[in-house]
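The values are calculated or read from the model by the stated rules, or taken from the named source; none is laboratory data. Nothing here was measured: the structure is a model prediction, and the numbers come from that model. Cβ sites come from the backbone with ideal geometry, for glycine too, and all protein chains shown count toward neighbours. Calculation scope for accessible area: heavy atoms of the full protein, side chains included, ligands and nucleic acids excluded. Shrake-Rupley method; radii C 1.70, N 1.55, O 1.52, S 1.80 Å.
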Amino acid sequence: MRKFPLTSQIELKVEAPVNPSEYSEKVIAAITNVIDKCSPEFRYNSRVVARSVGADSLNTIYQQIRSRSAMGVLRRMLTYNRITNTTWFFLNKQAAAAGIVVIIEDESESPLGPIRITMVCDELDVLIDWLAPIE
């Protein structure tokens, strides 16, 4: 992983729905498969929520989007969903359960619901350039 170029901290909030047909433990495992150094919790009887601080949490995503040539899709999502110092993107929950990072553009692309990753950083342009550089 290329050195993280920011001086400000990055905060992640990760959320995923837990459907009646799913086990919360499996949704938690899906999140921990793709987000390092986080501790998800089952909340509100229908969601798993996790928080993490630091670029190390994005290591799996950083590595896999390069191997899958998905940087353009991720960059487009991060730019489109940006509001001031916050942005977000979706991951396919079923793929994450297998440890595979699949960026999706719409919630409907993940039949059991997506994993939503929200990133907050004062240097968001630098973060986007680091995570998903222009190809």
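Just a few scattered comments:
- All conditions but one from (1) buried (at least 19 other Cβ atoms within 10 Å of the Cβ); (2) in contact with a Pro (Cβ under 8 Å, 6 or more places away or on another chain); (3) among the β-branched types (V, I, T) apply to V102; the one that does not is (2).
- Only one of N45, N33, N59 that is within 21 Å of L112 (Cα to Cα) and either surrounded by 14 or more Cβ atoms within 10 Å (Cβ to Cβ) or aromatic (F, W, Y) (or both): N33
- For the stretch 86-115, the tally of residues that are touching a Phe, Trp or Tyr at 6+ places or on another chain (Cβ under 8 Å) and within 15 Å of A29 (Cα to Cα) stands at 2.
- In the condition set (1) under 17 Å from Q9 (Cβ atoms); (2) over 13 Å from the mean Cα position of the chain (by Cα); (3) surrounded by 13 or more Cβ atoms within 10 Å (Cβ to Cβ), G113 is compliant with all but (1).
- Residues of the stretch 5-20 satisfying the condition of being touching a residue at least 12 places away in the same chain (Cβ under 8 Å), open to solvent by 40 Å² or more (accessible area, probe 1.4 Å) and in a loop (DSSP other than H, G, I, E, B): P5, T7, Q9, N19
- Test: residue in the stretch 68-80 that is surrounded by fewer than 17 Cβ atoms within 10 Å (Cβ to Cβ), over 16 Å from I10 (Cβ atoms) and modelled with pLDDT of 95 or more: yes
- Selection of strands (runs of 3 or more DSSP E) fully inside the stretch 28-119 by the criterion of at least 1 residues being touching a residue at least 40 places away in the same chain (Cβ under 8 Å), among the basic types (K, R) and more than 18 Å from I134 (Cβ to Cβ) returns 47-53.
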